[in-house]
Amino acid sequence: MEIIKIERKVLAKNDAIASEIRGKFEESGVFAINMVSSPGSGKTSLVEKVIENFSGRVNISVIEGDVQTDLDAQRVSAYNVPVVQIITNGGCHLEANLVNDSLKNLDLVQTDLLIIENVGNLVCPAGYDLGEDMKVVVISVTEGDDKPLKYPKMFINSKVLVINKIDLLPYVNCNIEQLKQNALKINPALKVFEVSCTSGEGVGKFCDFLQSSI
């Protein structure tokens, strides 16, 4: 019981900071997404493709979350967009206080779309509000079609599902229709996009959705 009380206190503190962050976003006109997934699903590649697709039409800033290294931030910074790296030193998710601190290094007034790339994990990030407008869960077809059933909280708390690496469907044991059915069974309101960051297929439709949300 004591563990539950402590967890509630931690989440309550996180939610209070997230509410403060949300106020900053609203005041500055920032639309923020919290991109979540398991490791290797292709989150960073999707971030790169989104930046390429908007190509200066939308001002994008990025917060990168990783357990170690700034490799992803280096990749994103090559696109000449503002990027801040958060290294959690073993932490399995980003928390609102870390994001709040990172905002000091970004010009929110000059940001239309803020992409927060969370630590690769389908469990812990599900319960932490970062002040975002929506969670976008990314899953690759190489992970199989049962992930929504195994990690339901992430799919319940997300508004968008991006199914990545569809170019690999002929080579992996994944039924994409079953994957979508499993996800929609968990959360019927999910907006689903099928993409390949290798070929670029489907990325435009995802970006059109983001554009309409900003």
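The values are calculated or read from the model by the stated rules, or taken from the named source; none is laboratory data. Please read all numbers here as calculations on a predicted model, not as lab measurements. We place every Cβ from the backbone using ideal geometry, glycine too, and count neighbours over all the protein chains shown. With ligands, DNA and RNA removed, areas are computed over all heavy atoms of the protein, side chains included. Shrake-Rupley method; radii C 1.70, N 1.55, O 1.52, S 1.80 Å.
Would you confirm whether or not segment 191-209 contains a residue that is closer than 16 Å to ILE156 by Cβ and not polar (S, T, N, Q)? There is at least one residue in segment 191-209 that is closer than 16 Å to ILE156 by Cβ and not polar (S, T, N, Q). The residue pairs whose first member lies in segment 131-152 and is under 20 Å from ILE166 (Cβ atoms) and among the acidic types (Asp, Glu), whose second member is open to solvent by 40 Å² or more (accessible area, probe 1.4 Å) and not in a loop (DSSP other than H, G, I, E, B), and whose beta carbons are closer than 7 Å, counting only pairs six or more residues apart or on different chains, are ASP145/GLN178. Just one residue in the set LEU108, LEU94, LEU71 is of a type outside the set (Ser, Thr, Tyr) and either at pLDDT below 95 or under 27 Å from LEU169 (Cα atoms) (or both); that residue is LEU71.
The single condition among (1) surrounded by fewer than 22 Cβ atoms within 10 Å (Cβ to Cβ); (2) farther than 15 Å from GLY131 by Cα that VAL83 does not meet is (1). The residue list TYR151, TYR128 contains one member that is of a type in the set (Phe, Trp, Tyr) and touching an Asp or Glu at 6+ places or on another chain (Cβ under 8 Å), which is TYR128. Residues in segment 53-108 that are among the polar types (S, T, N, Q) and touching a residue at least 40 places away in the same chain (Cβ under 8 Å): ASN53, ASN59, SER61, ASN97, ASN100. Being polar (S, T, N, Q), out of contact with any Pro (no Cβ under 9 Å at 6 or more places or on another chain) and open to solvent by 60 Å² or more (accessible area, probe 1.4 Å): is that true of SER19 here? Judged against the criteria, SER19 is a match.
This table checks each residue for (1) closer than 19 Å to ALA96 by Cβ; (2) within 17 Å of the chain's Cα centre (by Cα); (3) open to solvent by less than 40 Å² (accessible area, probe 1.4 Å).
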residue: LEU114; (1), (2), (3): yes, yes, yes
residue: VAL123; (1), (2), (3): yes, yes, no
residue: GLY131; (1), (2), (3): yes, yes, yes
residue: PRO148; (1), (2), (3): no, yes, yes
residue: PHE155; (1), (2), (3): no, yes, yes
residue: PRO170; (1), (2), (3): no, no, no
residue: LEU184; (1), (2), (3): no, no, no
residue: GLU194; (1), (2), (3): no, yes, no
residue: CYS207; (1), (2), (3): no, yes, yes
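Might you check whether a residue that is touching a Phe, Trp or Tyr at 6+ places or on another chain (Cβ under 8 Å), in contact (Cβ under 8 Å) with a residue 40 or more places away in the chain and within 16 Å of VAL47 (Cα to Cα) occurs anywhere in segment 163-171? No: zero hits. Scanning segment 28-41 finds one or more residues that are part of a helix (DSSP H, G or I) and under 23 Å from GLY131 (Cβ atoms).
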